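Below you'll find the structure, written out as structure tokens, and then a few comments.
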Amino acid sequence: MGTPAFSSRRPANAAQPGAGTAALTDALHRPLRDLRISVTDRCNFRCTYCMPREVFGPGFAFLPHREVLTFEEITRLARIFVAHGVEKIRITGGEPLVRRDIEKLVAMLSAVPGLHDLTLTTNGALLKKKARALKEAGLQRITVSLDSLRDEVFMAMNDVNFPVRGVLEGIEAAAAAGLHPIKINMVVKRGVNDDDVVAMARFFQGTGHIVRFIEYMDVGTTNGWRMSDVVPAAEIVRRIAAELPLEPVEPDYYGEVANRYRYQDGSGEIGIIASVTIPFCRDCTRARLSAEGKLYTCLFTDVGHDFRALLRNGGTDAQLAAFLQSVWRVRDDRYSEIRTQETAHVRPKVEMSHIGG
Ligand code: SF4
């Protein structure tokens, strides 16, 4: 049995970025392929590792509606990003399902020519109500965050006492609506929910849903991150494999975030997102657009490039395209590779709730 050896992430034959397209590449030769669009900075949860209540309390100044991009503005930008190589759009937040009429945006984005993959990340609280409308609007698949199957742990982590049952019903509704695949994201924090890792794997084994275990990250500046709270990917795999034998799986595509493993008995697969212990900046193809229209070229930067000003001051598509090119071409982010360097992790960073994971 034993623990499977770690795949070195990128086999030589992993498909290189879009042969034949005039790919827009950055200073480290990484193409732009994956756009995460935050449609709101608000959320109905207060997860302690992302939006701690002490900071995001009743007095917190969220973005006023007039400052948030309209669905038309988002779709216009999406068309320009797709024309520069974006193949996948992930709708995020805050919590995207709290944005009114979100399915209208899904329909608009799903009609963007050349977009191959449209997905969304949600905490699942509103999914039971919204799943069918999202699917009918053109959403292909979905990712649901669920950090524990034990109410006392999960409710403490989301800090709004939302029960596990509510998220599971959302996942069931998403499956019934035909959203596929469904991925389940679990952020693993030592001493908080790491005892639930094997139970989570076992619960979704054989369901067709893919659990992705995420190393706890120093996102933003408000979650009090410590390296000692991180459960390394190797340990997560070891714990699961000790009870549910695993074998590594080759990446599906260039820039895939998760290390994939399948159960040796063929009952499904899991993923490990190891930004801390196995950085994947080398082939990071992701850009993030905040709800007020700023482009962030890394999850761990505080530099946002303002597209809204151009959008709202008569900027042409050509001007927006030129701005995008000027931003991406000089991009050299590789934070996770330098995180452990002395001062790296104390630098200012945008909050994850502001740009989505
Ligand atoms: S740290 Fe930044 S550059 Fe590295 S993988 Fe994450 S988003 Fe990409």
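The values are calculated or read from the model by the stated rules, or taken from the named source; none is laboratory data. Owing to the predicted nature of the structure, the values given are computational and were not obtained by experimental measurement. Here the Cβ positions follow ideal geometry from the backbone for every residue, glycine too, while neighbour counts run over all protein chains shown. Ligands, DNA and RNA are excluded from the accessible area calculation, which covers all protein heavy atoms including side chains. Shrake-Rupley method; radii C 1.70, N 1.55, O 1.52, S 1.80 Å.
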State whether one or more residues within segment 32-45 are part of a loop (DSSP other than H, G, I, E, B) and among the polar types (S, T, N, Q).
yes
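Quick check on segment 315-332. Is at least one of its residues polar (S, T, N, Q) and open to solvent by less than 30 Å² (accessible area, probe 1.4 Å)? Talk me through it step by step, then tell me what you get.
Taking segment 315-332 and keeping what is polar (S, T, N, Q), we get 316, 319, 325-326.
Checking which are open to solvent by less than 30 Å² (accessible area, probe 1.4 Å) leaves us with none.
Scanning segment 315-332 turns up no residue that is polar (S, T, N, Q) and open to solvent by less than 30 Å² (accessible area, probe 1.4 Å).
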Please find, among Arg288, Arg308, the residue that is at pLDDT 95 or above, in contact with a helix residue (DSSP H, G or I) (Cβ under 6 Å, 6 or more places away or on another chain) and open to solvent by 10 Å² or more (accessible area, probe 1.4 Å).
Arg288
Looking at this structure, is Glu172 assigned to a helix (DSSP H, G or I), touching a Leu at 6+ places or on another chain (Cβ under 6 Å) and open to solvent by 20 Å² or more (accessible area, probe 1.4 Å)?
no
Within segment 199-237, which residues are β-branched (Val, Ile, Thr), at pLDDT 95 or above and either assigned to a strand (DSSP E or B) or surrounded by fewer than 17 Cβ atoms within 10 Å (Cβ to Cβ) (or both)?
Thr207, Ile210, Val211, Ile214, Val230
For segment 89-118, which positions are out of contact with any Gly (no Cβ under 9 Å at 6 or more places or on another chain), touching a residue at least 40 places away in the same chain (Cβ under 8 Å) and open to solvent by less than 30 Å² (accessible area, probe 1.4 Å)?
Ile89, Glu95, Ile102, Leu105
